[in-house]
Amino acid sequence: LYQDTRSWDDIPLFEKQSNRALALSIQSKLHDLGLFYGAGDDVSMFEDKIKEEACIQTLTLEEHLRWNAFYFVNGYRTLNMDNPDKKTKDTFAKKHVCLVSFEDLLTVGAYFEKDYQSMDRYLVSQIGNVLKKAGFGIYPLPE
């Protein structure tokens, strides 16, 4: 999603785990919308749902909370955004500036001149594309 050109083998284990955690969360995000994924290629139901502002906003908030939880569970803490090196992440110290509430991402984003909320939004908006490329469609949950 971020045009990363590294091969899977070159990605550090923590990033692999983070990517897996994101992939595993897709099922629960879809379930919240009354959907599931299965063999196929039709993702139009999902694409229609995320056109609703309330829906995409809820999924975006859920994604940020999931991301925060993953980092906190793995020992990360919030990095003060006015750190001397203007870093957004310190892997060695296990700190990240985005480990804040969704609302506080606006402040962090203004400081670093980057829209962090839109990054979460982009991730959830791409669920349909990712599943389609993997050979899955998105369908209503059985009644």
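The values are calculated or read from the model by the stated rules, or taken from the named source; none is laboratory data. Worth saying up front: this structure is predicted, and the values here are computed from it rather than measured. Cβ placement follows ideal geometry from the backbone for every residue including glycine, while neighbour counts extend to all protein chains displayed. SASA here: full protein model, heavy atoms, side chains in, ligands and nucleic acids out. Shrake-Rupley method; radii C 1.70, N 1.55, O 1.52, S 1.80 Å.
Looking only at residues of segment 92-143 that are assigned to a helix (DSSP H, G or I), touching an Asp or Glu at 6+ places or on another chain (Cβ under 6 Å) and closer than 24 Å to D48 by Cα, we find that the one that is most open to solvent (accessible area, probe 1.4 Å) is K132. Looking across S25, S7, one residue alone is of a type in the set (S, T, Y) and surrounded by 12 or more Cβ atoms within 10 Å (Cβ to Cβ). It is S25. The residue list G38, G75 contains one member that is open to solvent by less than 70 Å² (accessible area, probe 1.4 Å) and on the phi > 0 side of the Ramachandran plot, which is G75. Scanning for something in contact (Cβ under 8 Å) with a residue 40 or more places away in the chain and either hydrophobic (A, V, I, L, M, F, W, C) or on the phi > 0 side of the Ramachandran plot (or both), does segment 78-99 turn up at least one residue? Within segment 78-99 (the criterion being in contact (Cβ under 8 Å) with a residue 40 or more places away in the chain and either hydrophobic (A, V, I, L, M, F, W, C) or on the phi > 0 side of the Ramachandran plot (or both)), the answer is no, since none of the residues qualifies.
Among the residues making up segment 43-64, those that are touching a Ser or Thr at 6+ places or on another chain (Cβ under 9 Å) and either of a type outside the set (D, E, K, R) or farther than 22 Å from P140 by Cα (or both) are I50, I56, L59, T60, H64.
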